[in-house]
1. Evaluate the following for L131: is it among the aliphatic types (A, V, I, L, M) and touching a Cys at 6+ places or on another chain (Cβ under 9 Å)?
2. Tell me the residue from E140, E102 that is under 17 Å from the mean Cα position of the chain (by Cα) and either in a helix (DSSP H, G or I) or buried (at least 16 other Cβ atoms within 10 Å of the Cβ) (or both), please.
3. List, please: which pairs have Cβ atoms under 9 Å, are six or more places apart or on different chains, and start with a residue in the range 240-258 that is more than 18 Å from Q213 (Cα to Cα) and end with one that is part of a helix (DSSP H, G or I)?
4. Among the residues of the range 60-77, which ones are crowded, with 18+ Cβ neighbours inside 10 Å and free of Cβ contacts under 8 Å to residues at least 60 places away in the same chain?
5. Among the listed residues A192, A133, A211, identify the single one that is at pLDDT below 95 and hydrophobic (A, V, I, L, M, F, W, C).
6. With respect to the numbered conditions (1) assigned to a helix (DSSP H, G or I); (2) closer than 30 Å to G151 by Cα; (3) at pLDDT 90 or above; (4) not charged (D, E, K, R), which one is the sole condition not fulfilled by P260?
7. Check I57, I71, I7 and return the single one that is assigned to a loop (DSSP other than H, G, I, E, B), assigned by TED's automatic domain parsing to the domain that holds E167 and of a type outside the set (S, T, Y).
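The values are calculated or read from the model by the stated rules, or taken from the named source; none is laboratory data. It should be emphasised that the depicted structure is a prediction, and the values quoted were computed from it without experimental measurement. Cβ coordinates were reconstructed from backbone atoms using ideal geometry, including for glycine residues, and neighbour counts include every protein chain displayed.
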Amino acid sequence: MKKQQTIKFISRWLKTYCEGSGMNGFVIGVSGGIDSALTSTLCALTGKKVVVVNMPILQNKTQFDLADKHIQWLKKKFKNVSSYEVDLTDTFLQLKKDLPAEIQDDHSMANTRSRLRMLALYTTSTHNKMLVAGTGNKIEDFGVGFFTKYGDGGVDISPIADLMKSEVYALAKELGVIPEIISAPPVDGLWADNRTDEDQIGASYDEMEWAMQHSSLKSQARGERSRTISSPKLTARQKKVLEIFKRFNKMNEHKMKPIPVCVIPKKLKK
């Protein structure tokens, strides 16, 4: 991967889109993870105004501190970056009181946390006339659908959605993102038990990256029937990883496709 060229390409793309949209800059939710760290740094490189927001909700202190440390690093490095800390804990707890108990389970309330953060980001972006920049990578956005619909999936622009997780790490290291974030296990911070992404998925990002590439190659091979393509025998773990990838891909397909529109036949409108 040509890291410096890729960094320049993404930052130019961001700047061009922002100027074409008539907006002033970018708003990014910073979680203490590698994806939001890279996204916020790429946005800062555009020279446009950037607002980064730390939004704890009953947050693990390590995650909050990592987010804050990245924000301080970013503000020191880029004069065009400002920040807010928006503690949504009381808002979340009040919503738990107001929602019927029978619709509250771990998964529904984890997604609710993500959607509360989306509301805070769009309030910030509307006031500042800015774009909300998404932090999803290719595995999450187009592989396993590992994001909350209308939560962290509710964005205006997706600068790293064509980067595999390994490429996200490569660019983050190239940009000097703090080592603590680079070495931290990926976690979405939406669960009381602080479970990691790997705990939730059942496989690592490296494994999911392999599965996504393998599935793509298999699809390509099916489209090239005239060629004889031999593939190595899969191990038991590789078979399991492929099962996990396919299950998530199918289950979350509705997130990764445009919202279906019921197109009424013209003859019914006459």
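1. On the way: among the aliphatic types (A, V, I, L, M): yes; touching a Cys at 6+ places or on another chain (Cβ under 9 Å): yes.
Against the criterion (among the aliphatic types (A, V, I, L, M) and touching a Cys at 6+ places or on another chain (Cβ under 9 Å)), L131 qualifies.
2. Details: E102 fails: under 17 Å from the mean Cα position of the chain (by Cα).
Of the residues listed, the single one that is under 17 Å from the mean Cα position of the chain (by Cα) and either in a helix (DSSP H, G or I) or buried (at least 16 other Cβ atoms within 10 Å of the Cβ) (or both) is E140.
3. Every condition considered, the pairs that remain are K255/D141.
4. F64, A67, I71, L74
5. Details: A133 fails: at pLDDT below 95; A211 fails: at pLDDT below 95.
Being at pLDDT below 95 and hydrophobic (A, V, I, L, M, F, W, C) holds for just one of A192, A133, A211, which is A192.
6. (1)
7. Details: I71 fails: assigned to a loop (DSSP other than H, G, I, E, B); I7 fails: assigned to a loop (DSSP other than H, G, I, E, B).
Being assigned to a loop (DSSP other than H, G, I, E, B), assigned by TED's automatic domain parsing to the domain that holds E167 and of a type outside the set (S, T, Y) holds for just one of I57, I71, I7, which is I57.
Conditions tested, residue by residue: (1) in contact with a Gly (Cβ under 7 Å, 6 or more places away or on another chain); (2) more than 20 Å from I182 (Cα to Cα).
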position	(1), (2)
G47	no, yes
V50	yes, yes
V53	yes, no
I57	no, yes
Q63	yes, no
